[in-house]
Amino acid sequence: MKLPHGKIPVEILKEVVFKNLGATRKEVTIGPTAGVDSAVIEAGEKSLVISMDPITGAVERIGWLAVNVNANDIATFGVEPAFLFSCLMLPEGADKAMVETISAQMNAAAYKLGMAIVGGHAESTPSLTHPIVVGCAMGMTKKGDYVTPAGAKAGDTIILTKSAGIEGTAILASDRENELKAALTLKELAEAKNFYSQISVVEDALTARRTGGVHAMHDPTEGGVAGGIHEMADAAGLGMKVFQEKIAVQPETAKICRYFDLDPLQLIGSGALLISAEKGKASEIIQRLEKQRIDAAIIGEFLPDKTQRLLVRENMKIETLPRPASDHLWRALSGR
């Protein structure tokens, strides 16, 4: 079986990867789990939340993304990200300027979030054609004081902050700028590239958790909003119903997706946050987010029947919510 671009299919994770996990340690409270992007390790009276993610499909702001995407995974547990390890793999022919650019981006992003970059590795890698940055973020909290993406409950309201396809919009506007001049004005392209400023969900997640009533949170990265909702439902053993008209898609995202024939719901979506919350707290969560100038909307609910994965289209036609085989970013970058 030839693997698609991006994440390894969950079936292979379960059949292969999750069966080869080394020794069992009593300190590991949450280990590798489909739909759960961080591990939890107990250390005395503290819980350590740890996550790792690579940045492979972007070039323009790769260091900035590496910090924020990893920090987001910690924040979805309701925990403040504190530390970052990084591994920089640079293409053949890379020079000092590339190291400086990526390092400066990482420094700026980490400083803004109050994170310390505490170690890692950097190398020039034979046969590599573009830089890859792998990050490993950590946060600390009082023992057991966190939520997980697997905590959604039947009847919970699904809230989405910001909009679909944020990261994919920024990447394509930056890395395919010349091509997109045929579809977007220069002002629209500049706005789309500035979507990088929306990548962090740390404030979104910590605000929602402080409000109360949050059972689970998840940031829709590869596979976009559609993939993220499926991952939450998979992890909790639930179904869901979501309404397409409630899912915000910014005009720049819509134009880019039309040009490349992409589904914005299946476009990498770092910068948005999915929240599963008690119905009675949903309005208060949205109000608190809006006080922080973070747009948010109710887009659906989780259902008890895990076989029901429903998308209500704008014409009220009910379909199965698409489950991305591969993020639609790769379709655009590969020219398919």
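Every read-out reported here was derived from the displayed coordinates using simple, explicitly stated rules and does not represent laboratory data. None of the values given here were measured: they were computed from a predicted structure. All Cβ positions, glycine included, derive from the backbone under ideal geometry; neighbour counts span all protein chains shown.
General observations
- Pairs of alpha carbons in region 266-314 separated by more than 13 Å make up 68% of all such pairs.
- Here HIS130, HIS218 are placed in order of increasing Cβ neighbour count within 10 Å, fewest first, which gives HIS130, HIS218.
- Projecting the alpha carbon convex hull of region 176-223 along each direction and taking the average yields 4.9 nm².
- Shape summary: region 235-292 maps onto an equivalent ellipsoid whose semi-axes, from the alpha-carbon gyration tensor, are 26, 17, 10 Å in decreasing order.
- Dividing the summed -39500 (n - 2.57) terms of all DSSP H runs of n ≥ 4 by the residue count of the chain sets its mean residue ellipticity at 222 nm at -10000 deg cm²/dmol.
- All C-alpha to C-alpha distances of region 1-97, sorted into 5 Å bins beginning at zero, yield P(r) values of 2, 10, 17, 19, 19, 16, 10, 5, 2, 0 percent in whole numbers.
- Student exercise, region 223-336 dipole from Lys, Arg, Asp, Glu Cβ charges, in Debye to nearest 20: 80 debye
- Among 17-24, 183-190, 133-140, the peptide with the highest mean count of other Cβ atoms within 10 Å heads the list, and the full ranking is 133-140, 183-190, 17-24.
- Projected over all directions and averaged, the alpha-carbon convex hull of region 187-263 occupies 6.5 nm².
- Over every Cα atom in the chain, the radius of gyration and the widest Cα-Cα span, Dmax, amount to 19.2, 58 Å.
- Calculated on the Cα set of region 60-131, radius of gyration then Dmax: 12.9, 41 Å.
- Mean Cβ count within 10 Å, highest first, over the residues of peptides 119-126, 7-14, 67-74: 67-74, 7-14, 119-126
- Rg/Rh for region 157-333, where both radii come from Cα atoms and Rh is the Kirkwood radius: 0.97
- Region 82-206: Cα Rg divided by the 2.2 N^0.38 Å rule of thumb: 1.33
- Look at where the Cα atoms of region 1-77 and of region 191-262 average out, and the two centres are 18 Å apart.
- Label-to-label distance for ASN107 and LEU310 is 5.4 nm, based on points extended 7 Å past Cα in the beta-carbon direction.
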